[in-house]
Structures are given as structure tokens and as C-alpha cells.
Ligand code: ADP
């Protein structure tokens, strides 16, 4: 195949050589000449700088030269040369040439055939080192691909905030099909509140960067929470040319954080506001690490003092507590129904303890739930006392009834004696009935069925009726009634009011072992009726006055024990409460007590 010589340049070869070489020197290139006919190559000395080889080492024929090429570029070289010789004309290609030190240099080989007037055609060529160019282009390409394939949404805008570029992730984030349709759109249209976008744009213009969260709007209108980092992009003259921003969808993270925060708040509330004392301690050494307000209040320590203690220090008997802790450690028990603990001020009280294990940051902790059961225990004790009091109360009248009945059956007695014993039996029977009635009444009142027949109740007859039960002939002079005749009728259940006054009067008698006057009175005050029962008995100490209406509460009388059940005043209070009334007392120990009730008039 003959080369197409007609396309080759013909000129003053020496002048061309000279110009070409000068050009190579100026541009830092390596100049070569190749004679296809002779297969001879010659190199300019710049090859030493560019490749580290001498001219001879560069290769003095094509085969020698090809040895300097990169193994990947080498196989194609002969065919390329042939092809080029055939086509003729200027040519440019890039390939790699090995440097003396082993690495490869990318070169751009620009050559053209020169037909010498005096001889054969030669090829003049110049090799330029384009390694940095290629690297830069490669890096640019990589950067572009990195941005395109980034999982974060990336957008670029001009200085007015109009989109000039967005990557696929950005389009996906906002639910748009292609990136093209977004070009030129105002970024403010992606914000839920476009005024906020203006604020950010202004901040960017002034400060050059902006980082923060934005509430965006997807194409379908759904809101999105995005983490936005934006900065100014400058041109070659260091002048602002636009903005670049990266968007990360943090909606899910925010939702998860909110849920976590809510549940944390809930548990914190449960922990800090719960009425049960909760103490958290290290399972290894029993050191207290946290305690809620109920625990601090129960034990009387500050949080700081508490966290310096061991759980064992709270027990009245620390040695026993240590045994309990080892039982917990061995998994034998997690619940202790009754344990004696000590408050900061030294008071000993009873607690019920439940323990649970948990792990936190690779450490084992225990949560202890401490319930103060002193009050429950007190009530249980009171109940026991009450039961024995009730049985004692019942036994006395029952013994009297049975004794007198037996005596009456077996003896022949004169009629007046029989009458007297029968009266005793009747009296004791009534006491028994009262006792049972008080219990049943209280239960009915507590269940809300106590006050059934509300009607006008005349006050004076009521007081007389109550008094008649008590005033025996011998102490009739002791009882007095103090009530204006014109007092309007009360509004209430007569039977229940009768029962309440009867209880107060019975107490007045019972707790006046040395006698004294007893007054049953009533008057009007502030549009309501005030009824009272006054005695000159033993009185009640101030510290007992508040508890006097509590169920089963009794003051232990020294010297002369007075039997009772601790139910009478509770019943009175419940009756008055059911009438929307109030009850209170005034009492001086050793001088007597007055119990007051307020009730509505009938109108
Ligand atoms: P009981 O009399 O059966 O013990 P109550 O409920 O009627 O029960 O009274 C409770 C306690 O209040 C009594 O134990 C007593 O100590 C005290 N108490 C009640 N009434 C009087 C009173 N008039 N004078 C002194 N103490 C009283």
C-alpha cells in the first residue's frame, strides 16, 4: 500500500525543522523526526528532561521506540502508524511513554509529514507532557460523577437563587421525575415557608455559608425536614458566581428523636412524679446512683446526700440488708414485703421493697421500688385492736344477757326482781344492737346508701327524743336542752340525725366518768342550724383532735379504761357529710368537750 503523498505538506524542510524545533523548545516539548522509508528516528535533547532517556535510548527506529511505550498502548502502535502513513496529513494522539525512573508520562503526539524537496518524506512530530491535564480531567470527571451519584441532594444556583444544576438525589428527594425540569426554578419554591428561603439567601450573600435545618415541600405537597449546608461558589476571579447546597433528609431521624424524647419524658415523669419511691443503684456495690422525688421525701435526704449512700445504709440493720442483697444477687428473692428502714432523722419505718435488674452502658443496675407500709401496718394493727374491742364489747352484753336469762329460768323470783332483770337483758340487747347497727350503718353510708328519707325534721323534738334514751331518773338533772322553740325545721334523714346525736351524747356520758352537766343545744348561724353536745368530761388533747374522726381511732385513757370501738365519731362524720354538713369540736383536756354540727334548714 502506497502512502498518499499528494496530501503531504511540501515546503522548505530546513526552515520547517527549525521552526518546529523552536516551537517545541518554547512549549517545553520533545521534537522528533521519523523517516518512514529508512525507519530512522531522531530526537531533540528535551527528551532527557521529559523522559530521562538520552536521544539514543529513546529509540532510533520504530521498533526501538515502541519499547518505550506503555504495554497497553504498544500493540496498537504499528497498525496506527501504517494507518496514519496511508491517510497522511496532520495527526494527534495521546499515549503513555515510560520514564527512565519507571513511571509513565502521558504525551500528546502532534505530527505531520513534511515532504522534502531534496529527499524522502519525513514526519515531524512534537511530544507534549499532558499527564497533569489528563489527571485534572480525570479528577474533574470523577468529581462530576461523585456529585451526580451522591446520595445527598446537591443543587447549584445562580446568585438570585435560580437552579442551574441538581443531581438525581435532589430530584428524588423532592419527588420530581427528571433533573431537567428543575432547571431555572426558584429555590424558594422548595421551602415550606418561602420567606425563610429569602432569609437564608440573604445570609448566604452576606456570610458566604449557611448551615441549618429547613422544612421543605415535596412535589406532592408532603413536608420534609432537611439538613442544609450551603456556600458561595466563586469564579476564577474570586467573584461570587452562585451557590452550592447539599441536602440531607432528616425527617425520619427527627421523628425518631421526637418519639425517643417523648418516651424519655414519659419515663422521666413516671420516675420523678410517681408517688412510689424509686431508687436506682449499682448492682455491683449497691451505691445509689439516682432517686426520685418521692424517695427523697420518704427518707428526708437531698439528692446529693442520697447519691453518696449505699442502699444498705438505708436499712435499720445494715448487716441484714447485706444478707438480703446477696439473696437478690443469687436470684432467690426480688420482693421483701416488710423491711425496717431508717430516715435521715433516725425515724424507723416499715417498707415493702421490690427490686428489678437492668443493664445500662454495660453495667448492671437495680431499680428498687419502696412503699411505705407503716400506715397500712398501723391500720392493720388498729383493725386487730378493733376486732378484739368489738368482740370484747359484744361479750359484755352477751354475758349479761345469757347470765340473767339463765338465772331467770332457774330461779323463782318476785315479780319486781324479774322485771329488773328483764330490763337489764333488754338494755344489754340494745347495746349489742347499737354496736352491730353502727358497723352496718357505716358500711351503708360509705357505699352511698345511707341518707334515704330527707324530710323536715323539727329540732326540739329531735333533741328531746335523743335525751330521753339517756336520762335515767337518778341523773335527770344533769342533762339540759338549749334550743329556741322557733328554730325552723332541719332538712335531713331523721333516723340518721337521731343516730348521730345519740352517738355524741353517748360519748359525752361515757367520757365524763366523774359526772358533770351535759348540754344538747341548737342555734342559727349564717342561715344554717348549728347543733351541739357539750360535756364537762375528760376532754381531748389537741394532738388527738384531728384524728378523732378517723375510723378505729381511740385515745387510750390512762387510769380508767373506757371501752369502745372507735367507730362512733366516724359514723357521725359520715352522716353529717351525707347531709352536706360540717362537724368540728372544741375541747380542753380536763374541762370537757363540745361537738358542733351544721345542717341546712328545710325551705
Ligand atoms: P369510741 O367511743 O367507741 O372509742 P368514738 O369514735 O365515738 O369511739 O370516739 C373516738 C375517740 O374519741 C374515743 O376513743 C375517745 O377517746 C374520744 N372521744 C369521743 N368523744 C369524746 C368526748 N366527748 N370526750 C372525750 N373524748 C371523746
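None of the figures in this text is laboratory data; all of them are computed from the coordinates on show. None of the values given here were measured: they were computed from a predicted structure. So basically every Cβ, Gly included, is an ideal-geometry build from the backbone, and we count neighbours across all protein chains shown.
Numbers below:
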| read-out | value |
| --- | --- |
| Taking 399, 598 and counting other C-beta atoms within 10 Å, the order from fewest to most | 399, 598 |
| Overall Cα dimensions of the stretch 274-372 - principal axes, largest extent first, Å | 34, 26, 23 |
| Between 0 and 90°, nearest 10: helix 494-510 axis offset from the chain longest Cα axis | 70 degrees |
| Exposure proxy ranking, count of Cβ atoms within 10 Å, fewest first, for 273, 115, 126 | 273, 115, 126 |
| The chain: relative contact order as a whole-number percent, Cα under 8 Å and 6+ apart | 6 percent |
| Packing-based exposure ordering (other Cβ within 10 Å, fewest first) of 351, 105 | 105, 351 |
| Area projected by the alpha carbon convex hull of the chain, averaged over all directions, nm² | 59.4 nm² |
| Angle between the chain longest axis and helix 415-446 axis [Cα atoms, degrees, rounded to 10] | 10 degrees |
| Rounded Å value of the spacing that divides the Cα centres of the stretch 334-389 and the stretch 522-561 | 34 Å |
| Inverse mean reciprocal Cα-Cα distance (Kirkwood Rh) of the stretch 5-132, Å | 14.8 Å |
| Inter-centroid distance (Cα atoms) of the stretch 171-209 relative to the stretch 425-441, Å | 89 Å |
| Contact order relative to length of the stretch 274-372, as percent, for alpha carbon pairs under 8 angstrom and 6 or more apart | 30 percent |
| Estimated translational D of the stretch 83-180 in µm²/s (Stokes, Kirkwood radius over Cα pairs; 37 °C; 0.692 mPa s) | 183 µm²/s |
| Helix axis angle, 131-149 relative to the chain longest principal axis, alpha carbon, degrees | 30 degrees |
| Part-to-part distance (alpha-carbon centres) for the stretch 212-279 and the stretch 43-81, which is given in Å | 60 Å |
| Estimated [θ] at 222 nm from DSSP helical runs (n ≥ 4, -39500 (n - 2.57)) normalised by residues in the chain, nearest 500 | -12500 deg cm²/dmol |
